[in-house]
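Participant: Before I ask anything, let me first share the structure, which is written out below as structure tokens.
The values are calculated or read from the model by the stated rules, or taken from the named source; none is laboratory data. Just so it is clear, the structure is predicted and the values come from calculations on it, not from any experiment. No Cβ is skipped: glycine too gets one built from the backbone with ideal geometry, and neighbour counts run over all protein chains shown.
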Amino acid sequence: MGRTIGITSHLGGVGKTVTTLNIGMSLASMGHSVLLLDGDPLAGLSLAAGQGRRTDRGLYQYLQGSHSLEEIIHTAKDSGLALVRTGVSEPAHIFALEQRAAWEKLWQAVRQLADRYDYVLIDTACGQSSLTTLLLGSADAVVMPLPCRTLAVKSLPLFLQFLLRLRQTIQPDLRFAGAIFSMVDSLNPYEMDIIADLRQSFPASTFFSTVIPLDRAFEKAAAHGVPVGMFREYDDLARGYTDLATELVQRDRKLQNKGGSSEQPDPLF
């Protein structure tokens, strides 16, 4: 079975979708088979990947029985990437996805998808919605993009408590793979101070070594519906995500070696 990793945050606009898409592309370039699961009803990942509104086949349609699991998987043309959407096109669909009667079937669908790929990367909506809770409850590990902003840092403990509750009540094997400093303005000394302070205050394993800078290239890539690495002029940014993907693989292997039944908690938990 492949590994399921949730890319999540307590705030919006922190780079979850960009992180999911570009790590997925990097993992695929490294030879891994990767499924991107768009867990946000607003379909940010689908739009960023160029899917647009061309199809409404997704998790909702699978749960309703109108499409099989195979029919909701959209495979990229020239890479090892695939995508599954929520299939939400109206508010009633969101309500249906969040009904407890659908939870077990949705959880089973995520696990079945993980059987087919090396990695399933889930781009969740921000916050603690029922759908986000369920999707993270089916994950093996969690990655958190973290911008160096005061509000993001101050509200971080509350979200970590949410992840702890998930581990205690829904998914005891859930592990925190680490936080990624994203959208970092290296010319802003205040942001550099925040990074330095956080690295001193938390265990070294809390944060990824790779830092993702703030760059207009991400807007250009989003406008074209492709990962940033598909533009040759942005090779430096693409290498950053390759480094990030490599580090994620290494961290996830360490988490697996610890064993899901270990009674020793991760540092943040």
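Participant: What are the residues in the stretch 111-157 that are of a type in the set (Val, Ile, Thr) and at pLDDT below 90, if any?
Facilitator: Those that are of a type in the set (Val, Ile, Thr) and at pLDDT below 90: 132, 133, 150, 153.
Participant: Continuing with the same structure: List every residue pair whose Cβ atoms sit under 9 Å apart, with the two residues 6 or more apart in sequence or on different chains, where the first one lies in the stretch 9-28 and is closer than 19 Å to residue 217 by Cα and the second, anywhere, is part of a helix (DSSP H, G or I) and among the acidic types (Asp, Glu).
Facilitator: 26/243
Participant: Suppose we filter 6, 2, 39 for residues that are closer than 14 Å to residue 139 by Cβ, touching a helix residue (DSSP H, G or I) at 6+ places or on another chain (Cβ under 9 Å), touching a residue at least 12 places away in the same chain (Cβ under 8 Å) and surrounded by fewer than 21 Cβ atoms within 10 Å (Cβ to Cβ); which single one remains?
Facilitator: Result: 2 is the single residue among 6, 2, 39 that is closer than 14 Å to residue 139 by Cβ, touching a helix residue (DSSP H, G or I) at 6+ places or on another chain (Cβ under 9 Å), touching a residue at least 12 places away in the same chain (Cβ under 8 Å) and surrounded by fewer than 21 Cβ atoms within 10 Å (Cβ to Cβ).
Participant: Run residue 110 past the list (1) over 22 Å from residue 49 (Cα atoms); (2) out of contact with any strand residue (DSSP E or B) (no Cβ under 6 Å at 6 or more places or on another chain); (3) not basic (Lys, Arg) and report the number of the one that doesn't hold.
Facilitator: Unmet for residue 110, out of (1) over 22 Å from residue 49 (Cα atoms); (2) out of contact with any strand residue (DSSP E or B) (no Cβ under 6 Å at 6 or more places or on another chain); (3) not basic (Lys, Arg): (1).
Participant: Can you find a residue in the stretch 112-122 that is part of a helix (DSSP H, G or I) and farther than 13 Å from residue 62 by Cα?
Facilitator: yes
Participant: Let me ask something additional. Just for the stretch 42-60: of the residues that are touching a residue at least 40 places away in the same chain (Cβ under 8 Å) and more than 21 Å from residue 77 (Cα to Cα), which one is farthest from the chain's Cα centre (by Cα)?
Facilitator: My answer is 59.
Participant: Here's something else I'd like to know. How many residues does the stretch 185-210 contain that are surrounded by fewer than 17 Cβ atoms within 10 Å (Cβ to Cβ) and not in a helix (DSSP H, G or I)?
Facilitator: Counting residues in the stretch 185-210 that are surrounded by fewer than 17 Cβ atoms within 10 Å (Cβ to Cβ) and not in a helix (DSSP H, G or I) gives 7.
Participant: Of the residues that sit in the stretch 123-154 and are aliphatic (A, V, I, L, M) and assigned to a loop (DSSP other than H, G, I, E, B), which one is nearest to residue 252 (Cα to Cα)?
Facilitator: Among those that are aliphatic (A, V, I, L, M) and assigned to a loop (DSSP other than H, G, I, E, B), it is 139.
Participant: Quick one: in the stretch 9-34, which of the residues that are touching a Pro at 6+ places or on another chain (Cβ under 9 Å) and surrounded by fewer than 23 Cβ atoms within 10 Å (Cβ to Cβ) is farthest from residue 83 (Cα to Cα)?
Facilitator: By that ranking, first place goes to 11.
Participant: In addition: Among the residues in the stretch 230-244, are any outside any helix (DSSP H, G or I) and at pLDDT below 80?
Facilitator: Yes, there is a match, as at least one residue in the stretch 230-244 is outside any helix (DSSP H, G or I) and at pLDDT below 80.
Participant: Separate question: Here are 205, 182, 209: which of them is of a type in the set (S, T, N, Q), at pLDDT 85 or above and within 26 Å of residue 131 (Cβ to Cβ)?
Facilitator: 182
Participant: Tally time: how many residues in the stretch 83-133 are closer than 21 Å to residue 34 by Cβ and either without any contact (Cβ under 8 Å) to a residue 12 or more places away in the chain or touching a Phe, Trp or Tyr at 6+ places or on another chain (Cβ under 7 Å) (or both)?
Facilitator: Selection size over the stretch 83-133: 4.
Participant: Turning to a different aspect of this structure: Would you check if residue 85 is basic (Lys, Arg) and crowded, with 24+ Cβ neighbours inside 10 Å?
Facilitator: Answer is yes for this residue.
Participant: Considering only residues that are surrounded by 21 or more Cβ atoms within 10 Å (Cβ to Cβ) and without any contact (Cβ under 8 Å) to a residue 60 or more places away in the chain, which ones fall in the stretch 136-152?
Facilitator: Within the stretch 136-152, just 148 meets the criteria.
Participant: Mind listing whichever residues of the stretch 103-135 are surrounded by 20 or more Cβ atoms within 10 Å (Cβ to Cβ) and either over 19 Å from the mean Cα position of the chain (by Cα) or hydrophobic (A, V, I, L, M, F, W, C) (or both)?
Facilitator: Once the filter is applied, which keeps residues that are surrounded by 20 or more Cβ atoms within 10 Å (Cβ to Cβ) and either over 19 Å from the mean Cα position of the chain (by Cα) or hydrophobic (A, V, I, L, M, F, W, C) (or both), the stretch 103-135 yields 106, 110, 113, 114, 120, 121, 122, 125, 131, 134, 135.
Participant: Residue 50 - would you say it is out of contact with any Asp or Glu (no Cβ under 6 Å at 6 or more places or on another chain), surrounded by fewer than 24 Cβ atoms within 10 Å (Cβ to Cβ) and small (Gly, Ala, Ser)?
Facilitator: Answer is yes for this residue.
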